[in-house]
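Everything on this sheet refers to the single structure shown next.
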């Protein structure tokens, strides 16, 4: 991690202060109004409650991608749960994941699973779920493309490898998800890295 700029230091301090203040509250209770209104005002959700739940799910998803990217030595510019017309959130400009890129692609779904303290236990269940995994902003397609050099077409083996790497990082994923929920802007790479280690 490079030295934080003054703006990044300020963002980190603000996020940490908000997380400390809201420590006793669950994820849905801390979602910044901006993220809820984006999802509700576009007509994407029928009321504020499902819009709030969607923001939380998105935060865990994007946090999974970002923390996995850090774990495999990849870089990115920022992570966000900004709701756009084609995505619920994004980790922007991921580069340098190399042969472990598939881990980063799987980590969004793994982040969502870890939100509920669970992963698909049996290989038969996992195989059945993988057969239905399509779209997801391109994650499914990119996962399948990037496993071939190490796992051929064995999606289950690649997924289990990803699980073994990502599941122990649940606490960092949770920390970043909550940071994205309270912060009404993109979270820069250096701030993500600082949150992940501290």
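The values are calculated or read from the model by the stated rules, or taken from the named source; none is laboratory data. The structure presented is a predicted model; accordingly, all values stated were derived computationally and were not measured. For neighbour counting, all protein chains shown are included, and Cβ atoms are generated from backbone atoms with ideal geometry for every residue, glycine included.
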*Which ones in segment 21-39 are more than 21 Å from the chain's Cα centre (by Cα) and part of a helix (DSSP H, G or I)?*
21
*Could you list, in sequence order, the residues of segment 168-198 that are out of contact with any strand residue (DSSP E or B) (no Cβ under 6 Å at 6 or more places or on another chain), under 19 Å from residue 58 (Cβ atoms) and not in a helix (DSSP H, G or I)?*
183, 184, 185
*Would you pick out the residues in segment 101-130 that are more than 25 Å from residue 55 (Cβ to Cβ), free of Cβ contacts under 8 Å to residues at least 40 places away in the same chain and either part of a loop (DSSP other than H, G, I, E, B) or in contact with a helix residue (DSSP H, G or I) (Cβ under 9 Å, 6 or more places away or on another chain) (or both)?*
121, 122, 123, 126, 127, 130
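Could we say that residue 165 is closer than 15 Å to residue 60 by Cα, outside any loop (DSSP other than H, G, I, E, B), out of contact with any strand residue (DSSP E or B) (no Cβ under 7 Å at 6 or more places or on another chain) and touching a residue at least 60 places away in the same chain (Cβ under 8 Å) here? Give the steps one after another, and end with the answer.
Working: closer than 15 Å to residue 60 by Cα: no; outside any loop (DSSP other than H, G, I, E, B): yes; out of contact with any strand residue (DSSP E or B) (no Cβ under 7 Å at 6 or more places or on another chain): yes; touching a residue at least 60 places away in the same chain (Cβ under 8 Å): yes.
So residue 165 does not fit the description; no.
Taking segment 66-89 as the search range and keeping residues that are touching a strand residue (DSSP E or B) at 6+ places or on another chain (Cβ under 7 Å) and in contact (Cβ under 8 Å) with a residue 60 or more places away in the chain, which one is surrounded by the most Cβ atoms within 10 Å (Cβ to Cβ)?
Residues of segment 66-89 touching a strand residue (DSSP E or B) at 6+ places or on another chain (Cβ under 7 Å): 66, 69, 74-80, 89.
Those still in the list that are in contact (Cβ under 8 Å) with a residue 60 or more places away in the chain too: 66, 75-80, 89.
Values: 66: 34, 75: 13, 76: 21, 77: 13, 78: 18, 79: 29, 80: 23, 89: 25.
Top of the filtered list is 66.
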_Can you find a residue that is at pLDDT 95 or above, on the phi < 0 side of the Ramachandran plot and in a loop (DSSP other than H, G, I, E, B) anywhere in segment 8-18?_
no
*Right, residue 156: in contact (Cβ under 8 Å) with a residue 60 or more places away in the chain, more than 19 Å from residue 78 (Cβ to Cβ) and in a helix (DSSP H, G or I) or not?*
no
*How many of the residues in segment 163-184 are buried (at least 24 other Cβ atoms within 10 Å of the Cβ) and closer than 15 Å to residue 113 by Cβ?*
3
_Take the residues in segment 40-65 that are assigned to a helix (DSSP H, G or I), in contact with a helix residue (DSSP H, G or I) (Cβ under 7 Å, 6 or more places away or on another chain) and without any contact (Cβ under 8 Å) to a residue 40 or more places away in the chain; name whichever of them is farthest from residue 114 (Cα to Cα)._
40
